[in-house]
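Shown next, in structure tokens, is the structure this report addresses.
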Amino acid sequence: MKIYAEENNGSLRLSFSGELDHHGAKGVMKTVENLLDEYLPRVCVIDLSELSFMDSSGIAVILRINKRMNGMGGKAWVENPSGQALRVIDASGIDRVIRVIVQTR
Amino acid sequence: MENLDYIKMEFLSKSVNESFARAAVGAFAARLDPTLDELADIKTAVSEAVTNCIVHAYPGDIGLIRLRVRILERELLEITVKDGGVGIPDIKKAREPMYTTGGDDRSGMGFTIMESFMDKVRVRSAAGRGTSVTMSRRIRRRKPRL
Ligand SMILES: Nc1ncnc2c1ncn2[C@@H]1O[C@H](COP(=O)(O)OP(=O)(O)OP(=O)(O)O)[C@@H](O)[C@H]1O
Ligand SMILES: [Mg+2]
């Protein structure tokens, strides 16, 4: 599990790569909280294009980020989940609380 | 009948074993020639069931997780994940979407994901004696030309 962060003009892009399960989720959450504290972004883009696996632990991470951003008066959304991650997102119905942008190509 | 087979294993309820369990079941299921989507669904369901044992069954403790994977009939994969932990007092409630006793770290979507990714999910539990989750999924047979 790796996280890459890129800040641009108040927008923070968090790119997740590898597998996000319960084993990795604690470290992920801590890293993400620190990044949000450091940059205090207005927008947080959760880029899942490089994520090869995610389960409900990933759903909890996404919901936490969304809550944090809403609490700061900002916004978050999910971009480009891979096939498996998208199926998990669809099954959990979180697209009712956070925008999920799927690029068609 | 030539396909009937099973594996059994047990491992400790340490989170590092989550990816191991997914990979082991995936490797065994591969002989049914699943599509990549089917394989991903199976691994995701296993991840949910095993994570539940690690997170909920043995709070603050390490216990045993038993995993059995069977090929029943030619196209039917059955997975059982069993723990000897605290048990689930109200199974019906536990299976409801968003129900969790895990607080902010959990989303309460584990059973919902298992149910939508597998054909059948059966849960048995006894307070103080443990929980067993049996899930099955039919893998359509395809005709490879090579
Ligand atoms: N093996 C188990 N032993 C004891 N309790 C369990 C077990 N599996 C599930 N539960 C109970 O059922 C509830 C619902 O489980 P489910 O997997 O749907 O959600 P969760 O684990 O709480 O959250 P998520 O799976 O989204 O991380 C759990 O919160 C827990 O109370
Ligand atoms: Mg769970």
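The values are calculated or read from the model by the stated rules, or taken from the named source; none is laboratory data. For clarity, every value in this text was computed on a predicted model and none was experimentally measured. Counting neighbours? That spans all protein chains shown, and the Cβs are built from the backbone with ideal geometry, glycine included. The accessibility values were calculated without ligands, DNA or RNA, using every heavy atom of the protein model including side chains. Shrake-Rupley method; radii C 1.70, N 1.55, O 1.52, S 1.80 Å.
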Subject >> Residue in the stretch B:1-34 that is nearest to the other protein chains (Cβ to nearest Cβ), counting only those that are of a type in the set (K, R) and open to solvent by 50 Å² or more (accessible area, probe 1.4 Å) >> reply: B:K14
Original post:
Can you name the residue in the stretch B:67-95 that is more than 12 Å from ligand 2 (Cβ to nearest atom) and small (G, A, S) and is also most open to solvent (accessible area, probe 1.4 Å) among such residues?
Top reply: B:G84
Original post:
Using beta carbons and a limit of 6 Å, which pairs, at least six apart or on different chains, have the first residue in the stretch B:96-117 and open to solvent by 80 Å² or more (accessible area, probe 1.4 Å) and the second one among the basic types (K, R)?
Top reply: B:Y99/B:K93
Original post:
Among all residue pairs at least 6 apart or on different chains, which show Cβ distances below 6 Å where the first residue, located in the stretch B:12-27, is assigned to a helix (DSSP H, G or I) and the second is charged (D, E, K, R) and open to solvent by less than 20 Å² (accessible area, probe 1.4 Å)?
Top reply: B:E18/A:D21
**OP:** Within the stretch A:37-47, count every residue that is surrounded by fewer than 21 Cβ atoms within 10 Å (Cβ to Cβ) and out of contact with any Asp or Glu (no Cβ under 8 Å at 6 or more places or on another chain).
**Re:** 5
**OP:** For the stretch B:82-132, enumerate the residues that are within 22 Å of B:P34 (Cα to Cα) and hydrophobic (A, V, I, L, M, F, W, C).
**Re:** B:I113, B:M114, B:F117, B:M118, B:V121
Original post:
So which residues in the stretch A:65-79 are of a type outside the set (D, E) and surrounded by fewer than 19 Cβ atoms within 10 Å (Cβ to Cβ), if there are any at all?
Top reply: A:K67, A:R68, A:N70, A:G71, A:M72, A:G73, A:G74, A:K75, A:W77
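Within the stretch A:77-94, how many residues are outside any loop (DSSP other than H, G, I, E, B) and without any contact (Cβ under 8 Å) to a residue 12 or more places away in the chain?
4
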Original post:
How many residues are away from ligand 1 (no atom under 13 Å from the Cβ), closer than 18 Å to B:M118 by Cβ and more than 13 Å from every other protein chain (Cβ to nearest Cβ) when one looks only at the stretch B:35-68?
Top reply: 1
